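To start, the structure itself, in C-alpha cells.
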Amino acid sequence: MALIQCHFFSESLQLSTSMTVILPQQTRAQIGMQNVQKQERHQTLYLLHGMSDDDTIWLRRTSIERYVAPLGLAVVMPQVHRSSYTDMAYGNRYWTFLSEELPQICRSFFPLSDAREDNFVAGLSMGGYGAMKWALSQPDRFAAAASLSGGVNRARVPEEPQRLRDYTLTFGEDSVAGTPNDLFWLLQQCESSEGPKPKLYQCCGTEDFLYADNVLFRDACRQTSLDFTYEEGPGTHEWGYWDRKIQDVLAWLPLNGEVSGNR
C-alpha cells in the first residue's frame, strides 16, 4: 500500500486543509503484507473521523492500512474538525467541501473510480452521522454506507455545555428535525425517491452513551425497504471496539460489485 499525507487548498473552505489517503499497490517482495491492486481506477472507501479527531486518527488508532491491503481498496480520510460534516451556521462550509469538492479533488489527484458500485463511506461517532448523511443525501453516488457508534440523532439537543456550544455553532438555533441535517428525515426521503439505494450498516456497543439514539435509528431503518444490517454487543465509545468493527465493515462491503439489485 501507498500512504499519502496530502495537504491542499479547498475553494469551499477558502483555506488549506489535509487528508490522509491509502492507495493500493501490487507488491510481491514486501514481507508480512499481502498487497493487491485489482483495477486501474480503485474502489474507494471514504472513512470519516469523530468530533475530537482529525484525518490521521484512523491510521493511528487502528490497523486500517493492513486491513485494506489484501482488498485492493483505496481509503480517503478527510479533515473536517468539529463541523459534523455540515455547512455550519457559524463556521465553514464543510458539507459542500465533503459532498462536492472532495471527490472531485481526490479523483484529480489519484486514480479513483467514479462508478457508484465502487464507492463507499463509513465513519465513527460524528463520522458515523456524516457517513449516513452523505449516502442518504446522495444515494446515486454510494453502494454502501456504515456507521460505527454514530451520533445519528442530531434532532436531540445536547445538554452538556461544550456539546451544546458545538451544536449551536454547527446547526444554529433552529431545530434540526425535518431538515437535510436530520438522518431520520433523510431516511424517509431516500426511501421514497426513485433510483438506487445504498446498503446500510450500523453498529453500536450496548454500553455506549449513544446506544439509545442508535436503537432509535435502527428501528427507523427497519421500517424501510433498504438493505440494512445492524449489529450490537458489549462495547463503549472507544478505539478497541472500532478497530474490531471496521474489520466487520470491510467484510460486509460489496467489493465484488454486488449491490443487491440497487445498481
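Bear in mind that the values in this text are calculations on the coordinates, not laboratory data. What you see is a predicted model; the values in this text were computed from it and never measured. Cβ sites come from the backbone with ideal geometry, for glycine too, and all protein chains shown count toward neighbours.
In this structure the amide hydrogen of residue 144, modeled in the peptide plane, comes within under 5 Å of the amide hydrogens of 121, 199, none closer than 5 places in sequence on its chain. For the residues 220, 143, 135, a GNM of the chain with alpha-carbon springs under 10 Å puts the largest fluctuation on 220. Annotation: extensible slack from residue 156 through residue 36 equals 38.9 nm (criterion: 0.36 nm per residue apart, minus Cα-Cα distance). 3J(HN,Hα) along region 207-216, derived from phi through the Karplus expression 6.51 cos²θ - 1.76 cosθ + 1.60 where θ = phi - 60°, amounts to 9, 6, 5, 9, 4, 4, 5, 5, 5, 4 Hz, with x in place of Gly and Pro.
Here the chain carries DSSP beta bridges of which approximately 35% are antiparallel, counting only pairs with both residues inside. A cut-off under 13 angstrom between Cβ atoms defines the neighbours of residue 97, and their net charge, with Lys, Arg +1 and Asp, Glu -1, is -4.
On full extension of the chain, what length is gained from residue 175 through residue 11, given 0.36 nm per residue of separation minus the C-alpha to C-alpha distance?
On the way: separation 164, 0.36 × 164 = 59.04 nm, distance 2.88 nm.
Value of the extension gain: 56.2 nm.
Electrostatic tally near residue 237: other residues with Cβ closer than 9 Å to its Cβ, Lys and Arg +1, Asp and Glu -1, net -3. Taking every Cα-Cα distance in the chain and sorting them into 10 Å bins from zero, the calculated P(r) comes out as 7, 32, 38, 19, 3, 0 percent.
Kindly state, to the nearest 0.05, the FRET efficiency for residue 194 paired with residue 228, given R0 = 25 Å and r defined as their beta-carbon distance. Please list the in-between numbers first.
Details: r = 19 Å, r/R0 = 0.77.
After rounding to 0.05, the efficiency reads 0.80.
Count Lys and Arg as plus one, Asp and Glu as minus one, and take only other residues whose Cβ is under 13 Å from that of residue 157; the net charge is then -3.
Once the C-beta distance of residue 100 and residue 206 is scaled by a Förster radius of 45 Å, the resulting FRET efficiency is 0.75 to the nearest 0.05. Sorting the segments 192-201, 78-87, 146-155 by their mean number of nearby beta carbons within 10 angstrom, highest to lowest, gives 146-155, 78-87, 192-201. Neighbour counts of C-beta atoms inside 10 Å place 102, 59 in the sequence 59, 102, starting with the fewest. Annotation for region 192-219 versus region 1-44: alpha-carbon center distance of 28 Å.
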